[in-house]
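Beneath this line is the structure, given in structure tokens, with notes to follow.
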Amino acid sequence: MTLRKYWKALWAVVWKDLAAELRSRELLSSMLVFALLVILIFNFALELNIQAQKAVTAGVLWVTFAFAGTLGLNRSMASEKDRGCLDGLLLAPVDRSAIYFGKVIANLMFMLIVEAIVLPVYAFLYQVNLFNPGLLLVIVLGSIGYAVVGTLLAAMAVQVRTRDILLPILLFPLVVPLLIAAVKASNGYLQGFALPEILPWLNLILVYDVIFIAIAFMTFDFIVEE
Amino acid sequence: MIKVRNLIKRYGPKTVLKDLNFDVKQGEFVALLGPNGAGKTTLLRVLSSLSRPARGEVQIAGFQLPGQASQVRDRLGVLSHQPLLYGDLTAEENLWFFGRMYDIDHLHDRSSQVLELVGLSKRRKDLVRTFSRGMQQRLAIGRAVLHQPQVMLFDEPHTGLDQDACAMLDAIMREIANQGRTVVMTSHDLSRAADLATRFDVISRGKIVASGTKSELGVGNLLQFYRDSLSEVRAE
Amino acid sequence: MNTDKPRLLTFLDVLSGMLLTSAVLMVFLYAPVERTMGAVQKVFYFHVSTAWVGMLGFLAAAVVGVLYLTTRKIKWDLAGYAAVEISLVFFLIAIISGSIWARPTWNTWWTWDPRLTTAAIVELIYAAYLLLRAGVDDPARRARFSAVYAVFGFFSVPLTFIAIRLLRTIHPVVMGGSNPGGEGSFSMVAPMKQTFFFSLFAFSVIFIDLFWHRIRLEKVTSKIEELRIQLMD
């Protein structure tokens, strides 16, 4: 199993997901509509003035991303399971982790695309400047962690009878530290806090990402075998 | 080519394959027959490396499962009753994708060749979603031979196909088999099996209970052979 | 399979009963009443013991999860399942007793401090684990999924704790107080220390007792299922 073959297979999976999605646009449109709905609901539910708005922006954004992300993860895995395509992937003579990482990258890209659209919309609706490089960094790092854990749990959930409701139940308790750190770090950048205050949160996100990439790499095989 | 010894496979408390032995020589086309629940699909899933044996030895093309699964998969082509294709991609894109997964050289040429073989060249740029079931199966078999496998496994490939589609599929299968490949096919359809295969094995309750080649049995006696093997089992 | 109840287990049952009774007696009669908080402080003995043991149960589930994945012996899966089930209950007791303690002490039923919040999240991970198991029929797959989830859960907990701790804290740090800001701390005199360690011991024994019972129950259930299927064939 050479590195070249591994790499080729991994990116083949990414390409396949993106190409298929480009055709149907099912996933992205549902994630996007859902995200915008969530933001709208927050508007009514929280009834905030401009001041309070600043304090909760980070939280609202991340809750939105988390929920929309779950939708995407579910759909992405379901499309493999339903037509038995997962078997097709598993028959390929590559290490299973190539499939896993390919899926993670594809899911990550979907999340990033949705986030890239939600940010300007939110900025427009609430007259808030969100083009903050620090914020963007946090969003990328946080989304990576979310996609890593989410993809593996989605692969599990899709094989279980209670598939649709199970993914959020499995995912959210595990993703709490990531969300806390992401919200705090995002908030720090938005409110212009000094770097030393934001750093512990960034560190936590990085540690989370690294630990779970490692664990997922070691356990993915067990999820897909029979 | 295929060697199975003392294979045991369980699903929870139920033992589906009980101490099964199975041998296939290179170039043979074996039709695996048997009633529902006998273990046909399970055996095929173990052979295709999708299922791990609980106990026993499985060797394909000289490589052991599950330890050398990667090498086995390289030489294996599988056709299931599900097409295993991506509806939102075109026919050729599907082949390109699987070709990349199998690291095939000169992919575009090879894909064109395969599309020609299965009679889908004219529909190459169409989304698989728009294909009839028969066309999907043909593309699926194209995907299965893309990487020139030595061993092919067909799991009830005629399911859901009308007569014409079956005939087309059979023609392709014959051509593939004639290139010296080893084939194991499970089937419910005795007449089609009789037509295609060179050997007939009957599986019942997780074990192979009978085996006979076409020349030994003679084509007309297949149904009788099948019934006899099963009634022996029931009598036990 | 011999379904007679092993003598050791009966002994353990009796021992657990005795220990629990003794612990309760010690808590109410032997340990002195704490100066500032009064009688409600006594909840502390149950609260921390069950929390500690519950936490260890989680560690056990992760460890046997790894053991299952490497050896594929179904007994490890049984152990993990039993450990999580019992820990779920122990943690619930810990949370409820913590609540009882919090009310008179800080005038609130719930606080969003690191330990309590982490406990709530761990409880949710346990519940998710059980829901996951409920949805998978194939025992081998169920065992694999449970093992992987237990490992994931286990690694997420310290990170959760650190994250929340960075956020806030009012939970008393009773031993080795590294957080001077925590209210409701108190130092322990000797009889208290003895009572505490005794309760800890008692609850550990109770855990093992319940654990053993649970595993036996599961084994008998599997055997019945096996026999039923054999009969049907």
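The values are calculated or read from the model by the stated rules, or taken from the named source; none is laboratory data. Computed from a prediction, not measured in an experiment: that's the story for all the values here. A quick note on method: Cβ atoms are made from the backbone with ideal geometry, for glycine too, and the neighbour counts reach across all protein chains shown.
Being in a helix (DSSP H, G or I) and within 22 Å of A:PHE131 (Cβ to Cβ) narrows it down to one residue among A:THR70, A:THR57; which is it?
Step by step, each of A:THR70, A:THR57 is checked, and only A:THR57 is in a helix (DSSP H, G or I) and within 22 Å of A:PHE131 (Cβ to Cβ).
Looking for something surrounded by fewer than 18 Cβ atoms within 10 Å (Cβ to Cβ), more than 7 Å from chain A (Cβ to nearest Cβ) and more than 22 Å from the chain's Cα centre (by Cα) - is there at least one such residue anywhere in the stretch B:87-105?
Yes, the stretch B:87-105 contains at least one residue that is surrounded by fewer than 18 Cβ atoms within 10 Å (Cβ to Cβ), more than 7 Å from chain A (Cβ to nearest Cβ) and more than 22 Å from the chain's Cα centre (by Cα).
Taking into account only those residues within the stretch B:128-157 that are surrounded by fewer than 21 Cβ atoms within 10 Å (Cβ to Cβ) and away from chain A (no Cβ under 14 Å), which is farthest from the chain's Cα centre (by Cα)?
Ranking the candidates gives B:SER132 first.
Name the residues in the stretch B:2-58 that are among the aliphatic types (A, V, I, L, M), surrounded by fewer than 23 Cβ atoms within 10 Å (Cβ to Cβ) and not in a strand (DSSP E or B), would you?
B:LEU44, B:LEU50, B:ALA54
In the stretch C:128-137, what residues are within 8 Å of another protein chain (Cβ to nearest Cβ) and either within 16 Å of C:LYS73 (Cβ to Cβ) or surrounded by fewer than 19 Cβ atoms within 10 Å (Cβ to Cβ) (or both)?
C:LEU131, C:ALA134, C:GLY135, C:ASP137
Read through the list (1) more than 30 Å from A:GLY192 (Cα to Cα); (2) modelled with pLDDT of 90 or more, then give the number of the only condition that A:TYR146 fails.
(1)
Can you name every residue in the stretch A:17-59 that is out of contact with any Gly (no Cβ under 7 Å at 6 or more places or on another chain), under 30 Å from A:ASP95 (Cβ atoms) and in contact (Cβ under 8 Å) with a residue 24 or more places away in the chain?
A:ASP17, A:LEU18, A:ALA20, A:GLU21, A:GLU26, A:LEU28
Could you run through the stretch A:73-100 and say how many residues are over 21 Å from B:ASP74 (Cα atoms) and either facing chain B (nearest Cβ under 10 Å) or among the hydrophobic types (A, V, I, L, M, F, W, C) (or both)?
7
Go through the stretch C:218-233 and give me each residue that's without any contact (Cβ under 8 Å) to a residue 40 or more places away in the chain, over 13 Å from C:PRO139 (Cα atoms) and surrounded by 12 or more Cβ atoms within 10 Å (Cβ to Cβ).
Selection gives C:ILE229 alone.
Identify the single condition in (1) without any contact (Cβ under 8 Å) to a residue 60 or more places away in the chain; (2) polar (S, T, N, Q); (3) touching a helix residue (DSSP H, G or I) at 6+ places or on another chain (Cβ under 8 Å) that C:ASN107 does not satisfy, given that it satisfies every other one.
(3)
Considering the stretch A:76-98 alone, what residues qualify as being farther than 15 Å from B:MET101 by Cα, crowded, with 19+ Cβ neighbours inside 10 Å and of a type in the set (D, E, K, R)?
A:GLU80
Would you pick out the residues in the stretch A:150-183 that are assigned to a helix (DSSP H, G or I) and within 7 Å of chain C (Cβ to nearest Cβ)?
Selection gives A:MET156, A:LEU166, A:ILE169, A:LEU170, A:PRO173, A:LEU174, A:VAL176, A:PRO177, A:ILE180, A:ALA181.
Tell me, please, whether a residue that is touching a helix residue (DSSP H, G or I) at 6+ places or on another chain (Cβ under 9 Å), among the β-branched types (Val, Ile, Thr), more than 11 Å from chain A (Cβ to nearest Cβ) and closer than 24 Å to B:ARG192 by Cβ can be found in the stretch B:17-33.
Scanning the stretch B:17-33 turns up no residue that is touching a helix residue (DSSP H, G or I) at 6+ places or on another chain (Cβ under 9 Å), among the β-branched types (Val, Ile, Thr), more than 11 Å from chain A (Cβ to nearest Cβ) and closer than 24 Å to B:ARG192 by Cβ.
From the list C:ALA102, C:ALA163, C:ALA140, C:ALA79, which one is within 14 Å of chain A (Cβ to nearest Cβ) and either under 25 Å from A:ASP164 (Cβ atoms) or surrounded by fewer than 23 Cβ atoms within 10 Å (Cβ to Cβ) (or both)?
C:ALA140
With respect to A:ALA123, determine if the residue is crowded, with 24+ Cβ neighbours inside 10 Å, in a helix (DSSP H, G or I) and away from chain C (no Cβ under 11 Å).
When the stated conditions are applied, A:ALA123 does not pass them.
All but one of (1) closer than 27 Å to B:ILE8 by Cα; (2) at pLDDT 80 or above; (3) hydroxyl-bearing (Ser, Thr, Tyr) hold for B:SER191; which doesn't?
(1) is the only condition that B:SER191 fails.
Give the residues of the stretch C:67-112 that are part of a loop (DSSP other than H, G, I, E, B) and among the basic types (Lys, Arg), sorted by residue number.
C:ARG72, C:LYS73
Quick check on the stretch B:59-88: of everything there that is of a type in the set (S, T, N, Q) and assigned to a loop (DSSP other than H, G, I, E, B), which residue is farthest from B:GLY160 (Cα to Cα)?
Checking each candidate, the answer is B:GLN68.
Would the stretch A:87-99 turn up any residue that is assigned to a helix (DSSP H, G or I), among the charged types (D, E, K, R) and in contact with an Asp or Glu (Cβ under 7 Å, 6 or more places away or on another chain)?
Scanning the stretch A:87-99 turns up at least one residue that is assigned to a helix (DSSP H, G or I), among the charged types (D, E, K, R) and in contact with an Asp or Glu (Cβ under 7 Å, 6 or more places away or on another chain).
I'd like to verify a number: residues in the stretch C:36-76 that are closer than 19 Å to C:ARG214 by Cβ and surrounded by 20 or more Cβ atoms within 10 Å (Cβ to Cβ), how many?
Residues that pass the stated criteria total 12.
Yes or no: the stretch C:208-216 includes at least one residue that is surrounded by fewer than 17 Cβ atoms within 10 Å (Cβ to Cβ), at pLDDT below 85 and not β-branched (Val, Ile, Thr).
no
Take A:LEU32 and tell me if it is farther than 28 Å from B:HIS81 by Cα, away from chain B (no Cβ under 14 Å) and buried (at least 16 other Cβ atoms within 10 Å of the Cβ).
yes
Quick check on my filter: what residues within the stretch C:147-160 are crowded, with 24+ Cβ neighbours inside 10 Å and more than 8 Å from chain A (Cβ to nearest Cβ)?
The answer is C:ALA150, and nothing else.
State whether the residues of the stretch A:193-210 include one that is out of contact with any Leu (no Cβ under 7 Å at 6 or more places or on another chain), at the interface with another protein chain (Cβ under 9 Å from one of its Cβ atoms), of a type outside the set (Gly, Ala, Ser) and in a loop (DSSP other than H, G, I, E, B).
The answer is no; no qualifying residue exists.
Would you be able to tell me the number of residues in the stretch A:140-174 that are in contact (Cβ under 8 Å) with a residue 60 or more places away in the chain, of a type outside the set (Phe, Trp, Tyr) and out of contact with any helix residue (DSSP H, G or I) (no Cβ under 6 Å at 6 or more places or on another chain)?
Adding up the residues that qualify gives 2.
Considering each residue of the stretch B:101-117, count those that are within 24 Å of B:ALA61 (Cα to Cα) and not in a helix (DSSP H, G or I), and give that number.
Looking only at that region, the number is 4.
Counting only residues that are without any contact (Cβ under 8 Å) to a residue 60 or more places away in the chain, give me the strands (runs of 3 or more DSSP E) lying completely in the stretch B:118-236 with at least 2 of them.
Those strands (runs of 3 or more DSSP E) span B:207-213.
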